[in-house]
1. Does any residue of segment 64-75 turn out to be open to solvent by 20 Å² or more (accessible area, probe 1.4 Å) and assigned to a strand (DSSP E or B)?
2. Could you run through segment 187-205 and say how many residues are open to solvent by 20 Å² or more (accessible area, probe 1.4 Å) and either β-branched (Val, Ile, Thr) or within 17 Å of the chain's Cα centre (by Cα) (or both)?
3. Condition check: open to solvent by 50 Å² or more (accessible area, probe 1.4 Å) and either modelled with pLDDT of 95 or more or assigned to a strand (DSSP E or B) (or both). Does Thr210 satisfy that?
4. How many residues are at pLDDT 95 or above, among the hydrophobic types (A, V, I, L, M, F, W, C) and part of a helix (DSSP H, G or I) when one looks only at segment 87-115?
5. Among the candidates Gly46, Gly52, single out the residue that is open to solvent by less than 10 Å² (accessible area, probe 1.4 Å), of a type outside the set (A, V, I, L, M, F, W, C) and at pLDDT 85 or above.
6. Asp218 versus (1) under 17 Å from Thr261 (Cβ atoms); (2) open to solvent by 60 Å² or more (accessible area, probe 1.4 Å): which is the lone unmet condition?
7. Within segment 139-161, how many residues are without any contact (Cβ under 8 Å) to a residue 12 or more places away in the chain and among the charged types (D, E, K, R)?
8. Determine which member of the set Asp118, Asp136, Asp79 is open to solvent by 60 Å² or more (accessible area, probe 1.4 Å) and either without any contact (Cβ under 8 Å) to a residue 12 or more places away in the chain or closer than 25 Å to Leu181 by Cβ (or both).
Amino acid sequence: MQNQKVDRPAEGEERHLVVPLAGRGTPGLSIRARLRDGVPVLTLSGRLDGRGVDVLEAMLTEFLASDQSRVPCDVSELDYLSPQAVQKLVHVAAARPPRPAAVVLCGASSQPQQVLADMDAGRTLPLYRSVAEAIDDSPGAMWWSQLTLTCDLAAPGWARAFLARVCTDWQLEAVVEEARLLVSELVTNAVVHAGGAAEVTLQRLGDQLTIAVRDGADVPPVHRDADLMEEGGRGLHLVEALSTADGTYPRPEGGKVVWCTVHLPDS
């Protein structure tokens, strides 16, 4: 199973993968991948449970590697969708910033529609009637900027200066101070615990500013309770307190992204 993979297709090209049911000779899940108007679309047929869930998660992680994309999944041809599969899809989506939604489902009906209603009442996975509708429903204009930093003690200061400059360009002066604290904490965490270079990405979409820091360490950040006399150890608690959402997710080539979002006031 580890060797089964569908690479990102070119525009107009379709890639196909069949995941057999464990212990049987008949196919359990068929996944077709194609690029439509620059958006990777996955069409799922058959049964999505058991072995197919892990394959689908790996494909979604690969296709979401650009950090600016969303992946519509056409489930209109699914005969069966397991609660385990819905939990895994929710996990993939919830680990990433809420806007734009990373994973959207299209054409759900019958049993898949019912299990989605039961398992995803919070609508972490937006539902569309068709793939065309999902692609046409643009989340809006996205602004983004990136900075690559070397791993040294000056990195947090460079990150703060970068954020202040970008926020000024984007006319987001109202959130500069809290956003500077957030980017400083995320970069400091990468320098202290991950080592190597770090990449800061700022992304503005609608009323949300996302601050994401990519590093080369696979281990996710760990909350710890700092002693009252300690100067450090409170970074992630500060991130949670100042941001509207935060999380972390792995990169397909190794390493991770730690992110948080700030709500933008009405201009």
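The values are calculated or read from the model by the stated rules, or taken from the named source; none is laboratory data. Worth saying up front: this structure is predicted, and the values here are computed from it rather than measured. A quick note on method: Cβ atoms are made from the backbone with ideal geometry, for glycine too, and the neighbour counts reach across all protein chains shown. For accessibility, only protein heavy atoms count, side chains too; no ligands or nucleic acids. Shrake-Rupley method; radii C 1.70, N 1.55, O 1.52, S 1.80 Å.
1. Yes.
2. Count: 5.
3. No.
4. 1
5. Details: Gly46 fails: open to solvent by less than 10 Å² (accessible area, probe 1.4 Å).
So the residue among Gly46, Gly52 that is open to solvent by less than 10 Å² (accessible area, probe 1.4 Å), of a type outside the set (A, V, I, L, M, F, W, C) and at pLDDT 85 or above is Gly52.
6. (1)
7. 0
8. From the options Asp118, Asp136, Asp79, the qualifying one is Asp136.
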